[in-house]
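Read through the structure below, which is laid out as structure tokens, and then see the notes.
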Amino acid sequence: MRVSTEDQAREGFSLPEQKERLEAYCKFKGYEIVDYYEDAGVSAKTGNYRAEFERLKEDIKSKKINTIISLKLDRFTRSIYDWEELITFLDENEAYIDCVNDDINTTTANGKMISRLLVSVSQNEIERTSERTKIGLVGAIKQGHIPSKAPLGYKHENKRLVIDYATKDIAYRIFDLYYNGYSYQKISNLFNEEKVLGKDNWRDSTIVGILENEIYKGDFVHGKNTKNPTYYENVVEPIISKEMWEDCQVQKKKNSRSYQRTLTYLYLQKLKCPKCNRILGGKATTKNNGRVYFYYYCNDCKVQFKENVITEYFSQFINELVEYDSVVNQFFLPMIRQRLDEPKEKLEKELDKQNMKLERIRKAYVNGAFDLKEYNNEKAIVEKTIEKINADLDATNCSKELKFTPKDILLKRDIDYLNKMILNKQYEERTRTWNDYTREEQADLIMRYIDEIKLKLIGKEVIVDEINFRESIYKPCQELYQNGYIDTTKPMLLGNVLGSVRFSNYLPEEEFGEIIMRLQQYYDVHFAEATYYLQKQMFYFDFSDNKAIVRVFPLEDYYKLDPDNKMEKYRFGIIYIDGDDEFRVEDIENIEPYFNAIPDDSETTLVYKKDEPVEIVVKPVNFSKENTE
């Protein structure tokens, strides 16, 4: 006798019912019942271990019995492969099968053939059921119905896996800490010290499980530990970006490699040996004057060089990286992300749930379900969650009032550039450069931005070959640039002098016009058009000694209009400032807000003026496409 849960649901086959019918059949046939064999709740699929069925086979071997009585063939198996094995086993031990509902006689060739056909039908039925189940499961997963326990940061709501705003930030923090150099153990120790979620039993294995879970980037892997897992993309709302998740997996591989570390190394885990391509280790020596010198080395290849080799290369663009980080990652993105990722309605809904939970805890304590210590612990956890949600709501309300847009990033960088030119003293007092950073802060910036630094050997000298930025950094930066919302610095010959200009991509006239009008609230900036001749690779515009270019940008989208560079000339816009122009705000003593804020878009009366271009030749430096990128 065998029954599985699907049998009971489909046909009502319970074990007592089977036993009653089999006993009646044996009495009718005149069989002597030697023993009963019951497999309860076990499927007849291939590979399932059935303890009672195995006992039955042992009794056949020992000649205790010679005939098996069953209701149907599918009580034995629904697999042709298993059925053939069983027939061979019965032949070898001179035993037979008798079925109540299936007229089967395994002593003849025809009887065996019919049994094979019946088992084939059963196998087809179970395979079709499996297919229907898989199709239904696929559809459910694509709708967010994830068949697993909700991980930290998520919860099940109406059978769908959705973000739990009460714990979401904890999950995000784990990725952020690991992304910025914390180990599993260090994160778990930190969480235990802080008693995150009221727990002091955080383990590094828990942190590993979270970091390896694809659900946090919005994807789900069904049957992850099987031979044939199925990958589903974008089935739930992600907590982190796919780029950040992938960066953490790359970092995990690097962390598994051994290296020496006693001090703060700026480029540790970022440098590869120019000979064997392995991650380099770091070491340091301290001179008599107390100064520490840092080195990187490869034991296998005997390659060693000073840290200054890398630092000098970085010095070409590191301050620009610092400026980008301060404007985009520290000033704007947290507020933009706050507004996009944590909408007010969801936070308010979660706040209501936590307040209801607090009330349930209070009632449970009054009714004696908790003692005072348990009540205070549970209450403290929920109150901390409520405090966090209220803080997020305040930040969300603030970000909505500020109304930041990607266009504001470009405006903020223009303002910083103008402040640097005209209010240089005040700018330097308020701005930290790379040299102002501590080694720990420098290492943190490199950890967040740089994926790896490739080196090469010229003779015995080690030089930097290329620097690969993390995808989670360069991808949004590239998108901002392509959409015209961030600038880059390009080298250029201005007359006979090698210099550089800030260059941004195409923006529609109404958008760059708005930026100019907002800039004019602080500075008396001007706008002129320039002509660029493609064949000569020359700009023509009025640029005298007392004028300084703020930014250059195309007035049309030439990537689309002229992808093959066949046009004769392009039109460019130039935002510039005269040497005599000053800060427009009268209250120069109260200057702080103009370094920490940007002009709003409420001023609509200002009109920017297009100056007529004067043809003075300015030729850009020729660079190959590869070097320009």
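Numbers at a glance
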{"quantity": "Residue-by-residue Karplus 3J(HN,Hα) for the range 230-237, coefficients 6.51, -1.76, 1.60, Hz, glycine and proline x", "calculated": "10, 9, 10, 9, 6, 9, 9, 6"}
{"quantity": "Highest to lowest packing among 440-446, 19-25, scored as the average C-beta count within 10 Å", "calculated": "440-446, 19-25"}
{"quantity": "Over the range 154-314, relative contact order from alpha-carbon pairs under 8 Å, at least 6 apart, %", "calculated": "13 percent"}
{"quantity": "Interchain or long-range residues, amide H under 5 Å from PHE469's placed H", "calculated": "ASP451"}
{"quantity": "The range 154-314 - Kirkwood radius from inverse mean 1/r over Cα pairs (Å)", "calculated": "18.6 Å"}
{"quantity": "Residues whose placed amide H lies under 5 Å from that of TYR154, excluding near-sequence neighbours", "calculated": "ASP164"}
{"quantity": "Packing rank of 357-363, 265-271, 240-246, 367-373, where each peptide gets the mean count of other beta carbons within 10 Å, highest leading", "calculated": "265-271, 240-246, 357-363, 367-373"}
{"quantity": "Three-way shape label, the range 404-488, alpha-carbon gyration tensor, a/c 1.5", "calculated": "oblate"}
{"quantity": "Ranked by how many other beta carbons lie within 10 Å on average, peptides 460-466, 219-225 from highest", "calculated": "219-225, 460-466"}
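Laboratory data are not the source of any read-out in this text; all were calculated from the coordinates shown. Please read these numbers as outputs of a predicted model, since none were measured by experiment. FYI the Cβ positions are ideal-geometry reconstructions off the backbone, even for glycines, and counts take in every protein chain you see.
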